[in-house]
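Scroll down for the structure; my scribbles are underneath it.
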């Protein structure tokens, strides 16, 4: 099998108690990556990069796939996407108000996840009990703890939690193996007690419905991994145009190869690659 095309981030789906299924978009085709585990793959970067939004050819990719013009003009590339507590839609300065209305002015979930360490985060969707964002971060467990009415408030709540728990995934720790199970429900109650004052301030400013604490059970997420790397060696396609090896697993947005090498496929969204199996 040989396929050539500009890639996008791998699409991942999972149901409770089922292994995550990965599909890699390459041009007009969609490659079922789970089926390639155990096989030798060869990937070549052809030197072409196209923006994932406007498809213009670009020499450099920004923010995981965008050209510079899209980086500075699109709402989805604004700094408030990384720091939602800085959402400025209400100030009338959103780059694309229609996009903001569709993506920011709706319910968001605040969650805890186990990615080797406990972290807090936000997501817009929890489909069938599992968010694709949890999968992208390589979480082995996750628990939605709160629903809020918009992105701004989700950022304010997340900021309150960040004083007590990380908001970033240590990707090296995440890739070294299946994380030990932890009781996210107990951690949730402990953290809620620590930030009650900040939650009261948010409720006083935005109303009683601004914070809706959920009573849900944590979910376990299972990844298609046969062997984890012992010493992680990251592949950089901007310096190394080709790599190969036996695909031993997929976790988060990473491919895990038999020679302890890993690659974050999402980082290279928009790159034109040739995949040979």
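The values are calculated or read from the model by the stated rules, or taken from the named source; none is laboratory data. Values in this document were obtained by computation on a predicted structure and should not be read as measured data. As a convention, Cβ positions derive from the backbone with ideal geometry for all residues, glycine included, and neighbour counts pool all protein chains shown.
Is it the case, given these coordinates, that residue 203 is in contact with a helix residue (DSSP H, G or I) (Cβ under 7 Å, 6 or more places away or on another chain) and free of Cβ contacts under 8 Å to residues at least 12 places away in the same chain? So residue 203 passes the test. Taken over the stretch 7-24, the criterion of being surrounded by 19 or more Cβ atoms within 10 Å (Cβ to Cβ) and either assigned by TED's automatic domain parsing to the domain that holds residue 129 or more than 14 Å from residue 267 (Cα to Cα) (or both) is satisfied by 12, 14, 20, 22. Restricting 187, 250 to those that are under 30 Å from residue 45 (Cα atoms) and under 23 Å from the mean Cα position of the chain (by Cα) reduces the list to 250. Looking only at residues in the stretch 170-201 that are within 12 Å of residue 119 (Cβ to Cβ) and in contact with a strand residue (DSSP E or B) (Cβ under 8 Å, 6 or more places away or on another chain), the one that is modelled with the lowest pLDDT is 179. In the stretch 84-99, the condition of being under 28 Å from residue 140 (Cα atoms) and surrounded by fewer than 19 Cβ atoms within 10 Å (Cβ to Cβ) is met by at least one residue. Within the option set 39, 29, 76, 21, being over 23 Å from residue 220 (Cβ atoms) and under 19 Å from the mean Cα position of the chain (by Cα) holds for one residue only, 76. Would you confirm, using the coordinates I've provided, whether residue 46 is surrounded by 18 or more Cβ atoms within 10 Å (Cβ to Cβ), touching a strand residue (DSSP E or B) at 6+ places or on another chain (Cβ under 8 Å) and in contact (Cβ under 8 Å) with a residue 24 or more places away in the chain? Against the criterion (surrounded by 18 or more Cβ atoms within 10 Å (Cβ to Cβ), touching a strand residue (DSSP E or B) at 6+ places or on another chain (Cβ under 8 Å) and in contact (Cβ under 8 Å) with a residue 24 or more places away in the chain), residue 46 does not qualify. Just a yes or no: is a residue in the stretch 234-247 at positive phi, in a strand (DSSP E or B) and touching a strand residue (DSSP E or B) at 6+ places or on another chain (Cβ under 6 Å)? For the stretch 234-247, residues at positive phi, in a strand (DSSP E or B) and touching a strand residue (DSSP E or B) at 6+ places or on another chain (Cβ under 6 Å): present.
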